[in-house]
1. For the chain, what is the calculated [θ] at 222 nm in deg cm²/dmol (nearest 500), taking -39500 (n - 2.57) for each run of four or more DSSP H residues and dividing by its residue count?
2. Separation of region 167-230 and region 1-64 by C-alpha centroid, Å?
3. Please sort 117-128, 172-183 by packing, taking for each peptide the average over its residues of neighbouring beta carbons within 10 angstrom, highest first.
4. Of all the accessible heavy-atom surface of region 7-246, with the other protein chains kept in place and a 1.4 Å probe, what percent is carbon and sulfur?
5. Put a dot 7 Å past each Cα toward the Cβ at Arg180 and Glu74; how far apart are the dots in nm?
6. Once you place label points 7 Å from the Cα toward the Cβ at Arg86 and Leu107, how far apart are they in nm?
7. Please calculate how many Å² of accessible area the chain carries per residue, with a 1.4 Å probe and no DNA, RNA or ligand atoms counted.
8. Below 8 Å, C-alpha to C-alpha, sequence gap of six or more: please give me the relative contact order for the chain in percent.
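The values are calculated or read from the model by the stated rules, or taken from the named source; none is laboratory data. Note that the structure is a prediction, hence the values are computed from the model and not measured. Note that each Cβ is placed from the backbone with ideal geometry, even for glycine, and that neighbours are counted across all protein chains shown. Quick note on the areas: whole protein, heavy atoms, side chains included, nothing else; ligands and nucleic acids left out. Shrake-Rupley method; radii C 1.70, N 1.55, O 1.52, S 1.80 Å.
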Amino acid sequence: MSDDPLDLFRLDGQVALVTGASAGLGARFARVLHRVGATVVISARRVERLESLAGELPGAIVIPADVSVADDRERLIVETIERAGRLDVLVNNAGVSHIVGIERETLDQFEQAMQVNTTAVWHLIKLCVPHMTERGSGVIVNIASMLGLVGATPIKQANYCASKGAVVNMTRELALQLARKGIRVNALCPGYFPSEMTEPMLGDESSEQYIRTFAAIPRMGYDHELDGALLLLASAAGSYITGHALLVDGGFTAH
Ligand SMILES: NC(=O)c1ccc[n+]([C@@H]2O[C@H](COP(=O)([O-])OP(=O)(O)OC[C@H]3O[C@@H](n4cnc5c(N)ncnc54)[C@H](OP(=O)(O)O)[C@@H]3O)[C@@H](O)[C@H]2O)c1
């Protein structure tokens with residue numbers, strides 16, 4: 001084993017599947033995992049975006065899937081293992097939110113957020129468990145949110161808070177169930193980062209004022225500021241970390 005501690009963060013020879021890799025944080029995560037040596041399997045619904053990203057990442061495998069559809073989830077895991085030969089790291093990143101107060105929030109919005117952000121996460125993990133158990137190792141990184149730990153108002157989104165809160169506690173429970181099979185399960189909980197999801201907030205003075213007031217570091221996160229946390233949870237550098245919800249939120253939740 002190398003005595004360079006930075007080598008612990010490398011994923012050479014490993015296969016990492018990232019859902020929601022067609023945009024935002026997921027595309028960044030795929031690039032980062034690829035950069036440290038992983039073969040990346042990238043998934044989402046917008047195929048042309050995945051193909052374009054794959055063009056930048058030699059060896060990347062594109063598997064389009066809608067994670068709100070159970071058959072797609074099953075095909076995604078089966079095809080990943082068939083085409084890549086193994087699956088070491090699952091990054092459950094695909095997510096949606098509906099910013100709306102409860103008076104106008106619809107049941108469809110609530111259920112869609114739960115399907116994509118929570119049910120799909122549970123099901124994709126479940127589908128990986130036999131393969132990872134057989135191999136005696138595996139890593140799950142659930143991209144939750146600081147809004148899985150605190151409320152969101154004035155940026156109202158009960159659908160999102162409920163779905164991410166469920167992911168945080170499911171992470172703890174599955175970490176307990178799976179640790180002795182060699183599988184680690186953690187949640188990464190970002191604060192606000194620029195992406196399609198947060199686009200309505202960008203340039204909106206009241207949202208920006210809110211972030212400036214409540215984040216101890218008074219700004220949104222920069223793109224690269226999740227890289228280290230992702231790699232810590234995904235790699236051997238985090239081999240004694242499981243069941244953890246790692247906040248990367250500029251101190252937003254320190255209040
Ligand atoms: N940005 C933030 O400030 C922030 C903060 C905390 C947590 N997060 C979490 O980070 C993750 C990524 O968010 P983001 O900000 O990068 O959002 P984004 O730019 O809106 O990207 C969302 C990704 O999820 C995919 N997706 C959505 N619905 C899907 C479905 N039914 N099936 C498959 N893929 C689907 C989208 O791809 P397609 O449309 O191509 O399917 C896209 O690639 C989410 O889980 C989000 O909750 C973000």
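1. That calculation yields -12500 deg cm²/dmol at 222 nm.
2. 19 Å
3. On the way: 117-128: 21.5, 172-183: 15.2.
Going by the mean number of other Cβ atoms within 10 Å, highest first, we get 117-128, 172-183.
4. Working: 5760 of 10740 Å².
On region 7-246, the fraction of accessible area on carbon and sulfur atoms equals 54 percent.
5. A separation of 3.0 nm, rounded to one decimal place.
6. Taking the two extended label points, one gets 4.7 nm.
7. On a per-residue basis, the chain sits at 47 Å².
8. On the way: 497 pairs, mean separation 46.2, N = 255.
Averaging sequence separation for qualifying contacts and normalising by length gives 18 percent for the chain.
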